[in-house]
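Take a look at the structure set out below.
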Amino acid sequence: MLMQIIKDTMFLQMKQSFVRPMFRFCLIANPIVNTIFLYEMYLQKGADTFLNYVVLGAGLMGIWSCICFSSIGDINRERYSGTLALIYVAPGGFGKIIFGKVLGNTMLSLLTFVISYITACVLSAFTWGEESSGIEKFLSTIIHIENIGYFIFASVMLILTFVLISICFAFILMLSRKTELYMNLLEIPLIFICGFTFPVEVLPQWIQNISNCLAPTWAVRMLRSSQMNWESFGILCIELLVLLLLTWVLYKWVDRRIRINATLEVS
Amino acid sequence: MKNVIEVKNLKREYVTTKGWISRKKESLMAVAGIDFSVKEGEIFGLLGENGAGKTTTIKMLITLLAPTSGVCNVLGYDTFKEADKVRGQINFVFGGEMGVYRRLSARDNLLYFAGLYKIKGEEAKRRTEELLKLVELEAASDRLVETYSKGMIQRLQIARGLINNPKIIFMDEPTVGLDPLGANMLREIIRKLKAEGKTVLLTTHYMQEADDLCDHIAIIHKGKIVAQDTPKQLKVRFGKNGADSTLEEVFLCLCKS
Ligand SMILES: Nc1ncnc2c1ncn2[C@@H]1O[C@H](COP(=O)(O)OP(=O)(O)OP(=O)(O)O)[C@@H](O)[C@H]1O
Ligand SMILES: [Mg+2]
């Protein structure tokens, strides 16, 4: 039954998200544009950066903006359409419903990787049209993932990280609809701080200290390295555990506060 | 008959903050200490002018809002502390066009909510078809709710409110925006629910409707209950022409003062 609620909600969410132009923009147009920019920026840098910083970079930016602008905004949309109150009082429990929603959106937004990958392929075919060595170099790095098993494992960790973060924000949004505003402010800084498009190491030390406290930094590091790095994995696990704990505390707290503050509806 | 709803000295205050720099707090006592109880199998009407506190009262009963103070029990459980025990056994219908997924069909809406109320596959399908028939939405059941008229959305809401076969159903202005046929259909549904032994608590601004349907009526004015009785007794007690007066006269008499 628990799985049923999560599954139903996930598919409902995917359906609803996909018909929304803003989500499609974040999902499709955004990664294409970002891939083009990153591609041009990294053109001089040698082929090994392509997978790591062009394709993964644009994909990560895409996922993150799907989360900031869409997954999170969904709570407000449900608030304005009056369904937020309904799902809150449903006996299935709103925690599961939020989880299903976030999972649906996150899965759907993984498409950004595919889009940015295709864009990068097309671009390289154009840019290096004559120099066949360029294409070969590019394709060999981009397609050649050294350890598929590890890559999938790292991707799962990344999804887990984004899901947990989105759930936290969704809960806070249930409490205050202003959260959406702060999410818009957070969008760009997080891209830099967590090293989605540039290595964190280029940032000043004090920002790096912040970066290291954030789980996405480590999830991205894991995704970029070609084999298991136990140190990154360990730190990520600890940070995810803290995040999980925070989510749980937030869940309990929000469940009380929304009824006391009457924040589920607009009236 | 036992009491399924018990409310004692129930209060609810809304606190809102205003301004950017010097944040001023404003508070409003929406429900200012009310008492009433509803017996099993009864249709109970909550009447009152706009802003009287009817919706606020219902929200506290359906576990959506925490009372500021007082007792608020449904089926013997505290609606704030024991919300989990209440939620599966009750349901509610709010009037208007809110509270449906507009990008889904009526059938998908009902199936989804059936899932949220932990109703399993076959049972959910059976229940959905039954309810679509009850509210006469079978023909349109596969169209997106976006394309529905106001009254159709309203009927879908009613179906949604019955999805878990609730013991108590709360209806906040369920007939608002319905044509006479739709309103009549709803009144028939409410009577049928009563015949099945269910309890209904409803608010309405149509006095005739309340008079026709309700076994008991409470009139609420500025967050306080000013009168509470059977429709007949209310007329006898407050109407100019005794039992021959209309409920509207009673309402005007009580709420003007
Ligand atoms: N979320 C809220 N925050 C602040 N004040 C609120 C909130 N909801 C309702 N109120 C106020 O509480 C009072 C009672 O509102 P309520 O919605 O319970 O009235 P009502 O009896 O349902 O009226 P109506 O017949 O218009 O639906 C009103 O003065 C309203 O402005
Ligand atoms: Mg109301």
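The values are calculated or read from the model by the stated rules, or taken from the named source; none is laboratory data. Fair warning: this is a prediction, and the values are worked out from it, not measured in the lab. All Cβ positions, even for glycine, are placed from backbone atoms using ideal geometry, and neighbour counts span all protein chains on display.
Here B:Phe80, B:Phe94, B:Phe113 are screened, and the one residue that is within 19 Å of A:Leu84 (Cα to Cα), within 16 Å of ligand 1 (Cβ to nearest atom) and not acidic (Asp, Glu) is B:Phe94.
Restricting attention to segment B:87-103, does a residue exist that is more than 15 Å from the chain's Cα centre (by Cα), within 9 Å of chain A (Cβ to nearest Cβ) and under 24 Å from B:Ile5 (Cα atoms)? Looking through segment B:87-103, at least one residue is more than 15 Å from the chain's Cα centre (by Cα), within 9 Å of chain A (Cβ to nearest Cβ) and under 24 Å from B:Ile5 (Cα atoms).
The rows are residues; the columns are (1) in a loop (DSSP other than H, G, I, E, B); (2) closer than 30 Å to B:Glu146 by Cβ; (3) β-branched (Val, Ile, Thr).
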site: B:Phe44; (1), (2), (3): no, no, no
site: B:Glu49; (1), (2), (3): yes, no, no
site: B:Ile58; (1), (2), (3): no, yes, yes
site: B:Ala66; (1), (2), (3): yes, no, no
site: B:Cys72; (1), (2), (3): no, no, no
site: B:Asp84; (1), (2), (3): no, no, no
site: B:Arg102; (1), (2), (3): yes, yes, no
site: B:Lys125; (1), (2), (3): no, yes, no
site: B:Lys133; (1), (2), (3): no, yes, no
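Does A:Gly92 meet the test of being part of a loop (DSSP other than H, G, I, E, B) and buried (at least 16 other Cβ atoms within 10 Å of the Cβ)? Considered against the rule, which asks whether it is part of a loop (DSSP other than H, G, I, E, B) and buried (at least 16 other Cβ atoms within 10 Å of the Cβ), A:Gly92 comes out as yes.
Matching residues to (1) modelled with pLDDT of 95 or more; (2) touching a helix residue (DSSP H, G or I) at 6+ places or on another chain (Cβ under 7 Å); (3) acidic (Asp, Glu):
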| residue | (1), (2), (3) |
| --- | --- |
| B:Glu123 | no, no, yes |
| B:Thr128 | yes, yes, no |
| B:Asp142 | no, yes, yes |
| B:Met152 | no, no, no |
| B:Phe170 | yes, yes, no |
| B:Asp179 | no, yes, yes |
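Could you tell me whether segment A:191-208 includes any residue that is touching a residue at least 60 places away in the same chain (Cβ under 8 Å) and in a helix (DSSP H, G or I)? Yes: segment A:191-208 contains one or more residues that are touching a residue at least 60 places away in the same chain (Cβ under 8 Å) and in a helix (DSSP H, G or I).
Within segment B:176-215, being within 16 Å of ligand 1 (Cβ to nearest atom) and surrounded by fewer than 18 Cβ atoms within 10 Å (Cβ to Cβ) holds for B:Val176, B:Gly177, B:His205, B:Tyr206.
Condition test on B:Phe80, is it within 23 Å of B:Ile168 (Cα to Cα) and crowded, with 20+ Cβ neighbours inside 10 Å?
no
Scan segment A:213-267 for residues that are touching a residue at least 60 places away in the same chain (Cβ under 8 Å) and among the aliphatic types (A, V, I, L, M) and report the count. The qualifying residues number 15. Of the residues making up segment B:5-27, those that are loosely packed, with under 13 Cβ neighbours inside 10 Å and within 15 Å of ligand 1 (Cβ to nearest atom) are B:Val15, B:Thr16, B:Thr17, B:Lys18, B:Lys24, B:Lys25, B:Glu26, B:Ser27.
Checked against (1) within 14 Å of chain A (Cβ to nearest Cβ); (2) among the small types (Gly, Ala, Ser); (3) under 24 Å from B:Val200 (Cβ atoms); (4) more than 10 Å from ligand 1 (Cβ to nearest atom), B:Ala30 passes all but a single condition, namely (4).
Could you say whether any residue in segment B:5-23 is more than 15 Å from the chain's Cα centre (by Cα), aromatic (Phe, Trp, Tyr) and either within 16 Å of ligand 2 (Cβ to nearest atom) or more than 9 Å from every other protein chain (Cβ to nearest Cβ) (or both)? Within segment B:5-23, one or more residues are more than 15 Å from the chain's Cα centre (by Cα), aromatic (Phe, Trp, Tyr) and either within 16 Å of ligand 2 (Cβ to nearest atom) or more than 9 Å from every other protein chain (Cβ to nearest Cβ) (or both).
Condition first: exposed (fewer than 15 other Cβ atoms within 10 Å of the Cβ) and within 16 Å of ligand 2 (Cβ to nearest atom). Can you find one or more residues in segment B:50-62 that meet it? Looking through segment B:50-62, at least one residue is exposed (fewer than 15 other Cβ atoms within 10 Å of the Cβ) and within 16 Å of ligand 2 (Cβ to nearest atom). Annotation: of all residues in segment B:104-123 being touching a residue at least 40 places away in the same chain (Cβ under 8 Å) and assigned to a helix (DSSP H, G or I), the one that is nearest to the other protein chains (Cβ to nearest Cβ) is B:Phe113.
Residues of segment B:20-49 that are closer than 17 Å to B:Gly223 by Cβ and in contact (Cβ under 8 Å) with a residue 60 or more places away in the chain: B:Met29, B:Ala30, B:Val31, B:Ala32, B:Gly33, B:Ile34, B:Asp35, B:Phe36, B:Leu46, B:Leu47, B:Gly48, B:Glu49. Number of residues in segment B:235-250 that are part of a helix (DSSP H, G or I) and touching a helix residue (DSSP H, G or I) at 6+ places or on another chain (Cβ under 6 Å) equals 8.
Restricting attention to segment B:179-202, the residues that are away from ligand 2 (no atom under 16 Å from the Cβ) and either assigned to a loop (DSSP other than H, G, I, E, B) or in contact with a Leu (Cβ under 7 Å, 6 or more places away or on another chain) (or both) total 9. Among the residues of segment A:27-42, are any of a type outside the set (Val, Ile, Thr), within 14 Å of chain B (Cβ to nearest Cβ) and in contact with a helix residue (DSSP H, G or I) (Cβ under 8 Å, 6 or more places away or on another chain)? No - not one qualifying residue is present in segment A:27-42. Does B:Lys85 satisfy the criteria of being touching a residue at least 60 places away in the same chain (Cβ under 8 Å), of a type in the set (Lys, Arg) and away from ligand 2 (no atom under 16 Å from the Cβ)? Judged against the criteria, B:Lys85 is not a match. In the set (1) within 16 Å of ligand 1 (Cβ to nearest atom); (2) touching a Pro at 6+ places or on another chain (Cβ under 9 Å); (3) acidic (Asp, Glu), B:Glu173 fails one condition alone, (2). From the list A:Leu246, A:Leu250, A:Leu264, the lone residue that is surrounded by fewer than 18 Cβ atoms within 10 Å (Cβ to Cβ) and either of a type in the set (A, V, I, L, M, F, W, C) or part of a helix (DSSP H, G or I) (or both) is A:Leu246.
B:Leu137 - would you say it is assigned to a helix (DSSP H, G or I) and more than 16 Å from ligand 1 (Cβ to nearest atom)? Criteria not met by B:Leu137.
Of the residues screened, B:Gly45 is not one that is surrounded by fewer than 19 Cβ atoms within 10 Å (Cβ to Cβ) and either within 14 Å of ligand 1 (Cβ to nearest atom) or over 15 Å from the mean Cα position of the chain (by Cα) (or both).
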